[in-house]
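The structure under discussion appears below in the form of structure tokens.
The values are calculated or read from the model by the stated rules, or taken from the named source; none is laboratory data. If you're wondering where the values come from, they're calculated on a predicted model, not measured in any experiment. Neighbour counts run over all protein chains shown; Cβ positions are idealised from the backbone, glycine included.
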Amino acid sequence: MRQIKKKPLLFFIVAVVALYVVIYVLPQVVGALRMTYTVEYGQLQIFDEVDGYIVKNEKVYVSESGGEENQLIKEGTLVRKGTKIMELSGENDADPEREFRKIREAIGTNAVKSKKFKAKSEGIVSYYADGYEAELTPETMESKDYGYYHDLRNDRSVDLTRTKVSKGDPVFKIVDRSGWYLVCYIPAKHADRYVDDQRLKIVLEDGTRIIGRIDSIEQKRDRVRLIILTDYLYEPFATQRVVSMQVITSDAMGLLVENSSIVEKDGNQGVYVKTKTGDYEFVRIQVLTTDGKESVVTKSVFYDEKGKAVDTIRTYDEILRKP
């Protein structure tokens, strides 16, 4: 009797599995085996997703006296040269070694000693420091290797804001935003996507879109190091060292064609399009960009190298997948 009761449950499970195969698996298999497909309009982006290491001109200011801090300018504000950033009142003779020792040692003589706390140059005000300010600069960035950049961390940043300031304490920094750098490493197999002075679209991790120009390209074993210069505003750049980003080398709109469909005939690229009679005819195409699997091609008409108009494929044409 127990075995008889289990049969309805078994039939139910088998039916569910069969239904899943019919709904989800079978259409994909059939689609993969289908000889043709319909071309549609779309977008194709070619990009490398990498970590970008931020390099900038920045100066950390240290106090020449102690006292109670009063910040006059907010974090992230762009100020002119001569702007007063903060002020001290009273006195504080506490031991300056109690805080910020690592930052002071890392910055060393590169710190800007200040009594009046006025900006010596135009830039972004930040009340965070991490000790890299004197070590990683536009002058030194090319001498650093992949291991150095790979070890950079955002969590090393220290908030300099506090009530009491001791003599010698770092109190704020000014970051030049007129030009800053992103160092990144891409796979060597993608090296042909990049050339000197190339303008690049870059999407940063928070969605910020900027434009940068390649300042340097250098082969590093199985990687290529890019140094990209930009003057676009990215709000966290004053406090961050590492940012995830997409470096876009191609962004095209057009008809999407599988590369397996593209053949060459009489020196021209093209695809085979199904006609109303069920036959296939060769139609020339113009490839705008490709990621190796798909290509974006011109729609309806394009002009060849002689300036002659060439009729080409249209939306919803039926294309032979593997001629």
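Residues being over 30 Å from Leu320 (Cβ atoms), out of contact with any helix residue (DSSP H, G or I) (no Cβ under 7 Å at 6 or more places or on another chain) and surrounded by 14 or more Cβ atoms within 10 Å (Cβ to Cβ): count how many of those fall in region 228-260. Full working, then the answer.
Restricting attention to region 228-260, the residues satisfying the condition of being over 30 Å from Leu320 (Cβ atoms) are 228-248.
In the following step, the residues that additionally are out of contact with any helix residue (DSSP H, G or I) (no Cβ under 7 Å at 6 or more places or on another chain) were identified as 228-239, 243-248.
Next, only the ones that are surrounded by 14 or more Cβ atoms within 10 Å (Cβ to Cβ) stay: 228-230, 232, 234, 236-239, 243, 245-248.
Looking only at that region, the number is 14.
Just to be sure before I move on: is Lys167 basic (Lys, Arg), surrounded by 13 or more Cβ atoms within 10 Å (Cβ to Cβ) and within 30 Å of Met86 (Cβ to Cβ) in the structure I sent? Let's see the steps before the verdict.
Details: basic (Lys, Arg): yes; surrounded by 13 or more Cβ atoms within 10 Å (Cβ to Cβ): yes; within 30 Å of Met86 (Cβ to Cβ): yes.
Judged against the criteria, Lys167 is a match.
If we scan region 73-83, do we find a residue that is assigned by TED's automatic domain parsing to the domain that holds Lys115, small (Gly, Ala, Ser) and at pLDDT below 95?
Taking region 73-83 and keeping what is assigned by TED's automatic domain parsing to the domain that holds Lys115, we get 73-83.
Among the residues that remain, those that are also small (Gly, Ala, Ser) are: 76, 82.
With at pLDDT below 95 added as a condition, the list becomes none.
No: region 73-83 contains no residue that is assigned by TED's automatic domain parsing to the domain that holds Lys115, small (Gly, Ala, Ser) and at pLDDT below 95.
Would you check which residues across region 263-282 are surrounded by fewer than 18 Cβ atoms within 10 Å (Cβ to Cβ) and in contact (Cβ under 8 Å) with a residue 12 or more places away in the chain and list them?
Correct list: Val263, Lys265, Asn268, Gln269, Lys274, Tyr280, Phe282.
Looking at region 304-323, I want the residues that are acidic (Asp, Glu) and have a partner that is assigned to a loop (DSSP other than H, G, I, E, B) with Cβ atoms under 7 Å, at least 6 apart or on another chain. Which pairs are those?
So the pair list comes out as Asp317/Val39.
Of the residues that sit in region 212-247 and are of a type in the set (Lys, Arg) and outside any strand (DSSP E or B), which one is farthest from Val183 (Cα to Cα)?
Of all residues in region 212-247, those of a type in the set (Lys, Arg) come to 213, 220-221, 223, 225, 241.
In the following step, the residues that additionally are outside any strand (DSSP E or B) were identified as 221, 241.
Values: Arg221: 16, Arg241: 10 Å.
Looking at the filtered set, the residue picked out is Arg221.
Mind checking which pairs have a first residue in region 217-239 that is among the β-branched types (Val, Ile, Thr) and a second that is in a helix (DSSP H, G or I) and loosely packed, with under 15 Cβ neighbours inside 10 Å, Cβ under 7 Å, 6 or more apart or different chains?
Val224/Ala188; Val224/Ala191
So that you can scan it fast, the table gives a plain yes or no per residue for (1) closer than 21 Å to Thr239 by Cβ; (2) touching a Ser or Thr at 6+ places or on another chain (Cβ under 8 Å); (3) not β-branched (Val, Ile, Thr):
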| position | (1), (2), (3) |
| --- | --- |
| Leu78 | yes, no, yes |
| Lys81 | no, yes, yes |
| Lys102 | yes, no, yes |
| Leu136 | yes, no, yes |
| His150 | yes, no, yes |
| Asp169 | yes, yes, yes |
| Ile174 | yes, yes, no |
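Go through (1) crowded, with 19+ Cβ neighbours inside 10 Å; (2) over 30 Å from Ile248 (Cα atoms) and name the single condition Gly123 misses.
The one condition Gly123 does not meet is (2).
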